[in-house]
Amino acid sequence: MIDIDQFIHSLSLLTFMAILIEAVTEILKNAFPVLKDRSTYILSILIGISLSLAFQVNPFGLDGSGYYVSAVLAGILTSRGANYLNSFVKKLNTSSKQ
C-alpha cells in the first residue's frame, strides 16, 4: 500500500531539488562562461547526484548499497527535471516578450 504522505513528501522534495539544481547550474554557468551545452548537462547531473546524497533521498526505499543506486537515480532524474524546468521558463520568457 502506498503511503500518500510519504509520496507527497518525496514528490515535493524532488521538485525542490529540481529547482535548486537549475538555480545552481545557472549560477555556475554565469560564473564560468566556458561552460557550454554538454558540460552544463553533465554539471546538472553531478549537482543532482550530490544533492540527492546530501539530502539522503531514497525514492525507491532500498537498503545497503542499493541506497546509493536509489540516490544516484534520484539525482539523475531531478537533474533532467531541472532541464525541463529551464526549457519551460525560457518558453515563458519568450512568449511574454512578444
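The values are calculated or read from the model by the stated rules, or taken from the named source; none is laboratory data. Every value quoted in this text rests on a predicted model; they were computed, and no experiment measured them. With ideal geometry, Cβ positions are generated from the backbone for all residues, glycine too; neighbour counts draw on all protein chains shown. Just so you know, the surface numbers come from the protein's heavy atoms only, side chains and all, with ligands and any DNA or RNA stripped out. Shrake-Rupley method; radii C 1.70, N 1.55, O 1.52, S 1.80 Å.
Annotations for the structure displayed:
- Entry remark, the stretch 38-73: residues being of a type outside the set (S, T, N, Q), at pLDDT 90 or above and not in a loop (DSSP other than H, G, I, E, B) number 17 in total.
- The stretch 16-34, subset among the β-branched types (Val, Ile, Thr) and closer than 15 Å to VAL89 by Cα, residue nearest to the chain's Cα centre (by Cα): ILE21
- Any chance ILE42 is open to solvent by 70 Å² or more (accessible area, probe 1.4 Å) and either touching a Leu at 6+ places or on another chain (Cβ under 7 Å) or β-branched (Val, Ile, Thr) (or both): yes
- Every residue from the stretch 58-72 that is closer than 18 Å to ILE8 by Cα and surrounded by 14 or more Cβ atoms within 10 Å (Cβ to Cβ): ASN58, PRO59, SER70, ALA71
- Looking across the stretch 17-63, the residues that are β-branched (Val, Ile, Thr), free of Cβ contacts under 8 Å to residues at least 40 places away in the same chain and closer than 14 Å to ALA82 by Cα come down to VAL24, ILE27, THR40, ILE42, ILE45, ILE47, ILE49.
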